[in-house]
Every structure is written in structure tokens, then in C-alpha cells.
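> Structure below; questions to follow.
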Amino acid sequence: TSNMNKDAQMRATINQKLIETGERERLKELLRAKLIECGWKDQLKAHCKDVIKEKGLEHVTVDDLVAEITPKGRALVPDSVKKELLQRIRTFLAQHASL
């Protein structure tokens, strides 16, 4: 478990660095733009509509939608977008190697 704690600690440190430097916001913006560009947002919107149609508006809660949409949303993110974000994070870490 000490390894897991170390990992969690490292993730927290990296996250803190990303937030402090404003890089996290930039990455979120980049992701948002890329997901719109590749049609991901529209695909999910359509999926939401299908779920609502299927279950009936009065029977769908926000939690239902989130539960239905989250795995689908993750699966639909193109590999190219994931790779680009990962590359950006790696570059960021290389520049802040003092972590």
C-alpha cells in the first residue's frame, strides 16, 4: 500500500502544479475545443436525447443521464485527443522536472 500512497501523493503534487501554473485550465480548454471539433459533444447530445426518448422525460433524472452518458462519453473520446493531452502533460512534467 505504500506504493499506492506514493502514487496518490505524486498525482496530488502534479495536479497541484497543473492548477498553480494555470496549465490545468489550458488543458481543459484544449480538451473542450477538441471534443467539439471532432463531433463528440454532438454525439453525446444525441445520445442524451435517445435516453430521454427511451425512458420518457418524466422518468429520467440527472443522475440517470450521468450514469448512462459517462461510460459512453469516455469511450467516444478519440485516441488522437487522448494522445495529444497526454503529450501536453508529459511536456509539462518535463519542464517542471523538479517535482
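> So for MET10, MET4, what's the accessible-area order with a 1.4 Å probe, most first?
Values: MET10 90, MET4 140 Å².
Final ranking, largest accessible area leading: MET4, MET10.
> Return the sequence-ordered ³J(HN,Hα) values of the stretch 17-24 in whole Hz as given by the Karplus equation 6.51 cos²θ - 1.76 cosθ + 1.60 applied to θ = phi - 60°, using x for Gly and Pro.
Residue by residue, the stretch 17-24 yields 4, 4, 5, 4, 7, x, 5, 4 Hz.
> Which ³J(HN,Hα) values in Hz, rounded to whole numbers, follow from the phi angles of the stretch 34-48 under the Karplus curve 6.51 cos²θ - 1.76 cosθ + 1.60, where θ = phi - 60° and Gly and Pro get x?
Whole-Hz 3J(HN,Hα) from phi for the stretch 34-48: 5, 5, 5, 4, 8, x, 4, 4, 5, 4, 5, 4, 4, 5, 4.
> Counting only protein heavy atoms and using a 1.4 Å probe, what share of the accessible area of the chain belongs to carbon plus sulfur, as a whole percent? Numbers along the way, then the final one.
Values: 4180 of 7610 Å².
After summing per-atom areas, the C and S share lands at 55 percent.
> For the stretch 1-96, what relative contact order do you get, as a whole percent, if you take Cα pairs closer than 8 Å and at least 6 residues apart? Don't skip to the end; give the middle numbers.
On the way: 25 pairs, mean separation 30.3, N = 96.
Relative CO of the stretch 1-96 lands at 32 percent.
> Rolling a 1.4 Å sphere over the protein heavy atoms, what is the accessible area per residue of the chain, to the nearest Å²?
Numbers: 7610 Å² over 99 residues.
In whole numbers, the chain has 77 Å² accessible per residue.
> I'm spelling it out carefully: the read-out is Rg and Dmax of the Cα atoms in Å, the candidates are (1) 14.8, 51; (2) 17.6, 54; (3) 15.0, 42, and one was derived from this structure. Which label?
Entry (2).
> Net charge near GLY22: determine it from the other residues with C-beta under 11 Å of the C-beta of GLY22, scoring Lys and Arg +1 and Asp and Glu -1. Display every interim value, and only then the final one.
Working: positive: LYS17, ARG24, ARG26, LYS28; negative: GLU20, GLU23, GLU25, GLU29.
Its environment carries a net charge of 0.
> LYS6: which lysines have alpha carbons under 22 Å from its alpha carbon, excluding same-chain residues fewer than 8 sequence positions away?
LYS17
> Tally Lys and Arg at +1 and Asp and Glu at -1 over the other residues with C-beta under 12 Å from the C-beta of HIS96: what net charge comes out? It would help to have the intermediate numbers written out before the result.
Numbers: positive: LYS17, ARG90; negative: GLU20, GLU23.
In short, 0.
> Take LEU76, LEU44 and sort them by solvent-accessible surface of the protein heavy atoms, 1.4 Å probe, largest at the top.
Values: LEU76 50, LEU44 20 Å².
Per-residue accessible area, sorted high to low, gives LEU76, LEU44.
> Right, another one. Computed over the Cα atoms, what is the radius of gyration of the stretch 54-99 divided by 2.2 N^0.38 Å, N being its residue count?
Working: Rg = 17.8 Å, N = 46, 2.2 N^0.38 = 9.4 Å.
That ratio works out to 1.89.
> Next up: Net charge near TRP40: determine it from the other residues with C-beta under 11 Å of the C-beta of TRP40, scoring Lys and Arg +1 and Asp and Glu -1. Each step should come with its number before you reach the end.
Working: positive: ARG32, LYS34, LYS41, LYS45, LYS72, ARG74; negative: GLU37, ASP42.
Spelling it out: positives minus negatives among the neighbours equals +4.
The values are calculated or read from the model by the stated rules, or taken from the named source; none is laboratory data. Small disclaimer: the values here were computed from a predicted structure and weren't measured. Cβ: placed from backbone, ideal geometry, glycine included. Neighbour counts: every protein chain shown. Only protein heavy atoms, including side chains, enter the accessible area calculation; ligands, DNA and RNA are left aside. Shrake-Rupley method; radii C 1.70, N 1.55, O 1.52, S 1.80 Å.
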